[in-house]
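Written below as structure tokens is the structure these notes are about.
Every number in this text was worked out from the coordinates using simple rules, so none of it is lab data. Everything numeric here is computed off the predicted structure, so don't read it as measured data. Note: ideal-geometry Cβ built from the backbone for every residue, glycine included; neighbour counts use all protein chains shown.
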């Protein structure tokens, strides 16, 4: 039982460290060859959106909307991959158990 408690404490420390690393990380998603870029933290909080003036056409707002959405998806995918990379070793694959935060 004591061994299990030690393992749980170690895992808790690893998770806390991974979460700190995720909070400090900034990831960028882009679309349209860099016409639209979105910056997010490793925790998925949006930090910035940059739109190249070349992407702004008053007669074609739909394309700009699509570029923004694609950049958001690209950034979210980068954030998901980083989370798996950082949290996977810390949780030892507990994500499959449906535990909150894993």
For 17-23, 34-40, 65-71, ranked highest to lowest by mean beta-carbon neighbours within 10 Å, the order is 34-40, 65-71, 17-23
By how many nm would the segment from residue 23 to residue 56 lengthen if fully extended, with 0.36 nm per residue of separation less the alpha-carbon distance? 8.7 nm
With each pseudo-label sitting 7 Å past Cα toward Cβ, what's the residue 45-residue 6 distance in nm, one decimal? 3.6
Do me a favour and compute the ellipsoid semi-axes for the range 2-91 from its Cα gyration tensor, root of five times each eigenvalue, largest one first, whole Å. 38, 10, 7
With each run of n ≥ 4 DSSP H residues scored as -39500 (n - 2.57), what mean residue ellipticity at 222 nm is computed for the chain after dividing by its residue count and rounding to the nearest 500 deg cm²/dmol? -19000 deg cm²/dmol
